[in-house]
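Student: The structure under discussion is supplied below as structure tokens; questions concerning it will follow.
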């Protein structure tokens, strides 16, 4: 019962983000400001921000909505994996043999690289050092656990693959075409539909 309520709450949240994205499209198409997203106040802008070209600032603002959707989705996937694995294996699930050794070795390398660079560690959780593709592997290689949550392993692989492809332009500062914006919305909907 709890899983069903969590799914509905996540779905509600993602719907809100999709509506925000649609409002941004309307603003762009008609050249109006609907006031649905806060704009940077002049005193909050950095000294250099106004020096960027207007079209780049507009594009950044437009892409921020897609980044926000993906950020929320990825965080919710990580939370789902953590909670599910902890329920099955306990709090020390990462070292229980449930994670592919290639992934765990790569995570160790990333953590060491981050520590050696002298920056603040992003997290105390190993899962936060995995890539989006590795999240998919963790789910599908532990299907004996996740099969109770999702209705199809093949669907999980396909949706995660689509999300990983769509993540590229968002994470690497390329503008999404209208077709890819639609594809992102549909794929996010597909993600939540797999849990119904």
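Since every read-out is calculated from the coordinates, none of them should be taken as a lab result. These numbers come from a predicted model, not from an experiment. Positions of Cβ are generated from backbone atoms using ideal geometry, with glycine treated the same way; all protein chains shown enter the neighbour counts.
Student: Most exposed first by the Cβ proxy, i.e. fewest other Cβ within 10 Å, how do 129, 67, 173 rank?
Tutor: 173, 67, 129
Student: By per-residue mean of other Cβ atoms within 10 Å, what is the highest-first order of 111-122, 175-186?
Tutor: 175-186, 111-122
Student: A follow-up question, please. On C-alpha positions alone, give me the angle between the axis of helix 2-30 and the longest principal axis of the chain, in degrees, nearest 10.
Tutor: Once rounded, one gets 20 degrees.
Student: Moving on. Please report, to one decimal in angstroms, the Kirkwood hydrodynamic radius of the chain built from all distinct Cα-Cα pairs.
Tutor: 18.9 Å
Student: Arranged from highest to lowest average of other beta-carbon atoms within 10 Å per residue, in what order do the peptides 156-162, 57-63 appear? Kindly include the intermediate steps, with their values, before the conclusion.
Tutor: Values: 156-162: 17.9, 57-63: 14.7.
So the order, starting with the most tightly packed, is 156-162, 57-63.
Student: Using Cα atoms only, what is the angle between the long axis of helix 153-171 and the major principal axis of the chain, expressed in degrees (0 to 90) to the nearest 10?
Tutor: Compared with the principal axis, the helix lies near 40 degrees.
Student: Relative to the longest principal axis of the C-alpha atoms of the chain, give the angle of the C-alpha long axis of helix 132-141, reported between 0 and 90° and rounded to the nearest 10°.
Tutor: In the chain, helix 132-141 runs at an angle near 30 degrees to the longest axis.
Student: While we're here: How high is the relative contact order of region 2-193? Use alpha-carbon pairs under 8 Å, at least six apart in sequence, and give a whole percent.
Tutor: This gives 23 percent for region 2-193.
Student: So what is the orientation-averaged projected area of region 67-181, using the convex hull of its C-alpha atoms, in nm²?
Tutor: Seen from a random direction, the Cα hull of region 67-181 projects 8.1 nm² on average.
Student: Mind pulling up the Rg/Rh value for region 53-129? Radius of gyration and Kirkwood radius, both on Cα.
Tutor: 1.12
Student: Could I ask something else about it? If I model a spin label as a point 7 Å beyond the Cα along the Cα-Cβ vector, how far apart are those points for residue 59 and residue 110 in nm?
Tutor: So the two model labels end up 2.7 nm from each other.
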